[in-house]
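In what follows, a structure is listed as structure tokens, so that the remarks can point back to it.
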Amino acid sequence: MATTTNPVPDSGRKLIASPRHMVGLLLIQLGLAVVGAYFQSRPSGGPNLAPEHSGIVPLYVSMIALEWGLVWYVWGGIRDKGHRLLDLVGGRWSSWKNVGVDLAIALPFWVLWEATARLVQFALGESHAKAIQVLLPQSWLEIVLWLALSASAGICEEIVFRGYFQKQFQALTGSIALAVVLQAIIFGAGHAYQGMKQVVVISVLGGLYGVLAAWRKNLRSGMIAHTWSDIFGGLLGK
């Protein structure tokens, strides 16, 4: 395996992309949140993401493209400051032992993630949001695409939120705790299509991912846990 590269400095004092670039990404996230909230609150019979499951394959493909498009945008911003995506992730694995360590951390973290999600959902009470079960895969083609989408979300969202936003907010505020909270709120807002209760739940879970990234000083364990949680939720947890 390749040796580990030097990660982006974690001092919290230096922006990894320009303020203008960050504002652009914030505006993109705001737009996604608004669109998601609209589809969740739309009147009966109004536009739907995938009415009665039709059009789900193009939706999956477009969501995969969106995930990687956001990473491409992030790459453009950090490249101008002399950084690489691999640096943002925390470098490659240097040995199979390191792979095992990240896997060993990801598994109990996912258990904690699931327990926290259920606890917060219970605390918030019954949700009246429109169900999103229609978005889950049914055919074999959809399952394959769901696996691709889950992997894309696990990789890309960790890069965007725990990599880019968390480091940017830490540089701006000088506080890793505040950076974790801010990126988690943005992460949760991006899931507005699932309803406000889930926005809160996912914000809390985004905070957990942020703490993991801050502790490990890389995104690898979070990527593994995030990917598996999406696979489990779509295929095994429904």
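The values are calculated or read from the model by the stated rules, or taken from the named source; none is laboratory data. Source: prediction; values computed, not measured. Virtual Cβ from ideal backbone geometry, glycine too; neighbours counted across all protein chains shown. We work out accessible area using only protein heavy atoms, side chains counted, and drop any ligands, DNA or RNA first. Shrake-Rupley method; radii C 1.70, N 1.55, O 1.52, S 1.80 Å.
Results, tabulated for the structure shown:
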read-out: Test: residue in the stretch 112-120 that is crowded, with 18+ Cβ neighbours inside 10 Å and within 17 Å of the chain's Cα centre (by Cα); value: yes
read-out: Qualifying positions in the stretch 125-152 - assigned to a helix (DSSP H, G or I), touching a helix residue (DSSP H, G or I) at 6+ places or on another chain (Cβ under 7 Å) and either polar (S, T, N, Q) or open to solvent by 80 Å² or more (accessible area, probe 1.4 Å) (or both); value: LEU141, SER150, SER152
read-out: Contacts under 7 angstrom Cβ, first residue in the stretch 85-98 being touching a residue at least 24 places away in the same chain (Cβ under 8 Å) and more than 13 Å from VAL160 (Cα to Cα), partner of a type in the set (D, E, K, R) and open to solvent by less than 40 Å² (accessible area, probe 1.4 Å), 6 or more apart; value: GLY90/ARG220
read-out: Filtered residues of the stretch 64-95 (kept if farther than 21 Å from LEU147 by Cβ, in a helix (DSSP H, G or I) and either over 18 Å from the mean Cα position of the chain (by Cα) or among the acidic types (Asp, Glu) (or both)); value: GLY76, GLY77, ILE78, ARG79, ASP87
read-out: Test: VAL180 is part of a helix (DSSP H, G or I) and more than 17 Å from the chain's Cα centre (by Cα); value: no
read-out: Residue check for LEU205: touching a residue at least 24 places away in the same chain (Cβ under 8 Å), of a type outside the set (D, E, K, R) and closer than 19 Å to LEU112 by Cβ; value: yes
read-out: Which numbered condition VAL200 fails, given (1) crowded, with 22+ Cβ neighbours inside 10 Å; (2) part of a helix (DSSP H, G or I); value: (1)
read-out: Residue in the stretch 32-58 that is modelled with the lowest pLDDT, counting only those that are closer than 22 Å to PHE161 by Cβ and open to solvent by less than 30 Å² (accessible area, probe 1.4 Å); value: GLN40
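Here's the yes/no breakdown for (1) hydroxyl-bearing (Ser, Thr, Tyr); (2) surrounded by 13 or more Cβ atoms within 10 Å (Cβ to Cβ):
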residue	(1), (2)
GLU67	no, yes
TYR73	yes, yes
ILE78	no, yes
ARG84	no, yes
LEU88	no, yes
TRP93	no, yes
LYS97	no, no
ASP102	no, yes
TRP110	no, yes
